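The values are calculated or read from the model by the stated rules, or taken from the named source; none is laboratory data. Everything numeric here is computed off the predicted structure, so don't read it as measured data. Don't worry about glycine lacking a Cβ; one is built from the backbone with ideal geometry, like all the others, and counts go over all protein chains shown. These accessible areas exclude ligands, DNA and RNA; they are computed on the full protein's heavy atoms, side chains included. Shrake-Rupley method; radii C 1.70, N 1.55, O 1.52, S 1.80 Å.
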Amino acid sequence: MSNIPTVKVTAKFSDPEGRPLRGAIVTMRLTTTERYQGYVVPAEVRAVTDGGGQAVLAVWPNELGTERSEYLVTVTFPENCTAPCGSPGRVTGRSIRSYAVVP
């Protein structure tokens, strides 16, 4: 299998008091099909925020795309999403969506 080039995107989330949120699920899904050297680029990548509220995703860079490589970004804050010391974050059971273009 080919080594499909990627760039790292870091997402960081915190609760309303500024404490990092652990356990949020970040999904980035390409809105178009992309190919690289005969291979189909993975359409979706997913990561979960760590204790610092960060998730790192390796995604297909727009500069290599055949068209504008746009991602639908979904962040889900599950019931067990917590701030440090086990304090529940105030943003639970919800998700947000937006579009992003990765350089």
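Annotations for the structure displayed:
- Around the Cα centre of region 3-62, unit charges on the Cβ atoms of Lys, Arg, Asp and Glu (plus for the first two, minus for the last two) sum to a dipole of about 80 debye.
- Heavy-atom accessible surface of region 1-78, averaged per residue, reaches 56 Å², computed with a 1.4 Å probe.
- Sulfur and carbon atoms: percent of accessible area, region 1-62 [1.4 Å]: 49
- Distance between the 7 Å Cα→Cβ label points at V40 and E63: 2.7 nm.
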